[in-house]
Structure formats: C-alpha cells, structure tokens
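Computed from the coordinates by the stated procedures, all read-outs in this text should not be read as laboratory data. Keep in mind it's a predicted model, so treat the numbers as computed, not measured. Here Cβ is always computed from backbone atoms with ideal geometry, including for glycine, and neighbour counts include all displayed protein chains.
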Amino acid sequence: RPPEDEEEEVEVGWQEKLFSQFEVDLYLNESACQTPLDWQYHEEIKKLEKAGGRKNCRIFTYTDHDRFTNLEELCQKVTDSDHEVPSYLVERMANVRRRRQDRKPVEASSLKSKIITWEPSEEFIKNNHVINTPVQTMYIMGDLGPFGKLGHREYENVLCTIKVDGNGVITVKPDFTGTKGAYRIELEGEKREVWEYTIENASAQVQPEEEEREQRVFRDLYGRHRDYLSGLVGSDFEMPLPGTLRLFINGEIVSAQGYEYDNLYVHFFLELPNQWSSPPFQQLSGVTQTCATKTVGWDNVAYFCYPFTVDMFYTQEDEGVFPYYSEINSLPQWPVLYFEVLSLDFWQRYRVEGYGSLVLPTCPGVHTLTIPTWRPVDLGTVAEMRRFFIGGSPELEDLTYIRIPSTFKGKRLSRFGFRTETTGSVTFRLCCLQQSKAFLENSALKQRMQSVLDRLGGFSQQSSVYNVLEAFQRARRRMQEARESLPQDLINTSASAV
C-alpha cells in the first residue's frame, strides 16, 4: 500500500463522463483535438479546471462514443492465446458494430412492407446477417498506477462493463457485489500490488405510479406489435369442410441402426385407406440419401435426418350416429407408412436390409418412434453367398404384404412357411397436427359419437370397441356351438316349456 491508504468511492450515472488524468493531460492540449467530440471534452475539462479540478482520482469512465469503446469491441479475442491471429471471419464480424446510429431507416422501413427480400443489397446484408440489436456500452475504469504517477495507459483496468440493448436488457459485468466478497485485481510487477473494489446498485427505487405507467406503455407497445404481426400473417385460413378432419404431418426419418451392411437408404410410401384423400400435388412416397454408418455403442447407426411432409383429409360418409355394434371392418382405419431399408456398396450392388410399417399416430403432438424391421431369407448357404458376392436378396413384390396385403379378400391370412429374419430398426420423428371444425364447437365433446373426432376415436377407443366386438362374437360362437351340441328333443322341450 502507499504511505496513506487510498480509498475512493464514486457514484456513476448512465453514460456519465468522468475524465482520467491521461484524458485531462491529452485534451487540454488543443493540438491533440481533432474531432468534435475532442473539442467538447476540451471545453468540459477547461470548465473543470476553473471549478477546482475533477473530483475523482483513480475511478473514471469511457462512454459509448469514446474511442476506447470502439477499439475494445473491435479487438476482442476469440481465444485466450497470446499469439492469436484473427481469421477472415473474425475480422469481418468485428466490423459489424451493433450501434444505434449504424441502423439505416431505409432498410428498416422496407422490412415492414415485405418479410422476404429477394434481392438484398450489400448494405442490407451487412446490417442484417447477424443479430443487429442496437447496444450502448459504458466502461467504468480504474487507474491503478503507482502513487503520484497517474495518467499512464498501461495501468488502466476495466472495473465494470455496462451494456443496454434495444430490448431494454441491462448487462452488468461483473455483477453487483452484494453479499459476495470484493473483486480483486492483481497487478504484474515486482510489488504485485492487489486492489479490491466493490460494485453496488445506487439507483433510486421507482415509484409505483411510474412503474404502472411504464407497464401501460409496454402493454400498448406489445399490442401494436401483435397487431402488426397479425397484419403480416392475415386471418384467412383454409378450413376443412364439416365432417372432415385434416391431418398434417411434418416427419423426419432420423436414423437406422443395427443393420448388416453399410451405406443405407430408406424407400417409403404412404397408403391411404378408404375415406382418406390427399391433394393432387402431394407426394406420398420418397427415397432418402445414401448414408454411411458410424459406430455408436454396440450398433452401426446411419443418421439420415430426412424431412418429409404429408397432408391428408378424412371425409365422413354420413353424419349419423356411429353404431356401437357394427362390424370391425367399419371402424375408421388410419394411414400406414410402409418402408424398406436397402444398402448399396461400392460396386452398385444393392441388398434389402429390412421391411417395416408404421401406423401414423392419432394424437397430435411430437412422437418419436423406433420401428423394428425384418427381411425374407432363403434356406441354405447358396442364398447367403449370392447375397454376399453378387448382391440381391429375396424381395417383396407388394410392400403392403408387410401388414395385410391390399389384394387380400379372405377372412384369415396365413403366413406359414414364409421365412424371415430379424434385422435392425428405423427411428422416426413425427410432428402431427389436426384441424377440424369439430374443435370449434363447444358442444362437440358433449355429443357422443356424432362428430368426426368421435368417429375416428383414436387407438384407445378403437381398441376398446374392437375388444367388445371380439368378445361378443366369441360368446356368440360358444352359444351356437353349445346349442348345436345339445340333443334336438331337449331343445324342443325347453322351447315349449318357455
């Protein structure tokens, strides 16, 4: 410590200029003043000298317009290396200053009339290729030079940085001291001097009337901004017809894992049951890119991240009450996504790795589903050698054979003798949206089995109705078998007695 303990306390306002000893010596010299800001500081320092000099000693500030603020923002390092060489991107990004005066009102006004700028100018790209929220900055500095030798730039240290952006967010770094201990700055040199300082919030508390008035202003501002956005988007939305449900799906084939060969791709298509339709331009099939696998844990995983979009409509045949005791086939069926996983090697030989199917979710929201797959196999080593050396493997001519074939008209489907092998699995991520006028009806939930949502029901309702009908049919068959096994004279006697 110097011979007498130095302790200084200064109350600093927002963008309040406190001159350092270096600035006083600099701006008193008229030959060093070049810009209008320099001449303004020259006049202010002359007034301070006439009034008895500056009140602060070691603590001073750099405001938003000072040269130190510009250099400090332009010369920030990306890493903590002393030998860092800024890259081309760092140099270009350093020239983009988030300043209120740098914003061009011409470009800002053009954004209000159109959302997309098809032919942007170079100035527009420069101002908008980063988050261009205007920011005002202020630095509270400390001159930690030796006693009696103030005014040397090498002893200046940043005590606190305050930033205020256009959204009203105030950033103080480091934070107010509060209950924490004082911040410490250790100087380099022989003496290794240690300085301690604290930062306290000395702002006056806002009055309740002023706070309420400010909240009203914010509510009015947010309301006008909401109306502005509503004007851009509009209020006319295409609404499905009564008795129609629109199902819109943003899907993604995330990954495929656990397969034998590398370089996988997925071929998929969507089957629409009866009473389902899609727009003429809607594509109901697709093929992903070929993706090499990487080892994750015990599996080889291929990450496709392949997006697809499907838009479908379910139309109700009649508006009558949906019967409880109808046949199982009359239950509304949901669209099914069929897919096959294939591999392609260096010699352009492809192999079928697996087949699978996915019933689209009936509940709106985000669903992540992992579907296991299988592939048909032949007995013997010849088929496996053919698959290994020349590619190719048994395939399905009709992919609907994965579940129930579309050409099947019988009552029982038997696959006895059809040999398959379990392979890997495919992960899907589906974002499902449903749109129907039934959502707008307040009494739609109170009416039982009369709206399109009640007709569709969902897996839980369909499964419950299916179980009831199946149990009823089993009981009916048992009653018929028991009736047929009884003697004919006993049945006639019991019937006459009744």
*Say each of residue 298 and residue 236 gets a label point 7 Å from the Cα, pointing the same way as Cα to Cβ; how far apart are those two points in nm?*
5.9
_Protection proxy ranking, peptides 409-418, 357-366, average beta carbon neighbours within 10 Å, highest first_ = 357-366, 409-418
*In nm, to one decimal, how far is the residue 122 label point from the residue 84 one, both placed 7 Å along Cα→Cβ?*
2.9
*Within the stretch 150-255, list the trypsin sites (Lys or Arg not before Pro) lying in a DSSP loop whose Cβ has at most 14 other Cβ atoms in a 10 Å radius.*
180, 191, 192
*Working out 0.36 nm times the residue gap between residue 8 and residue 167, then minus their Cα-Cα distance, what length gain in nm do you get to one decimal?*
53.9 nm
*Theoretical gain in end-to-end length, residue 29 to residue 42 [0.36 nm per residue, Cα-Cα removed]*: 3.9 nm
*What does the highest-first list of 282-290, 196-204 look like by mean Cβ count within 10 Å?*
282-290, 196-204
*Take the Cα of residue 214, step 7 Å along the line toward its Cβ, and report every residue of the stretch 147-165 whose backbone nitrogen sits under 15 Å from that point.*
164-165
*asked:* So, R0 is 22 Å and r is the distance between the beta-carbons of residue 309 and residue 406; what FRET efficiency does that work out to, to 0.05?
replied: 0.35
*Listed here are the pairs 126/173; 163/191; 47/173; 149/191; which of them are more than 25 Å apart at the Cα?*
126/173; 163/191; 47/173
*For the residue pair residue 439 and residue 346, what label-to-label distance in nm results when each label sits 7 Å from Cα along the Cα-to-beta-carbon direction?*
5.3
_Extension gain from residue 374 to residue 57, taking 0.36 nm per residue of separation minus the Cα-Cα distance_ = 106.1 nm
_Taking the Cα centroid of the stretch 194-270 and of the stretch 338-359, what is the distance between the two, rounded to the nearest whole Å?_
38
_So the label point goes 7 Å from the Cα of residue 203 along Cα→C-beta, right? Which residues of the stretch 163-193 then have their backbone N under 13 Å from it?_
163-165, 168-173, 176
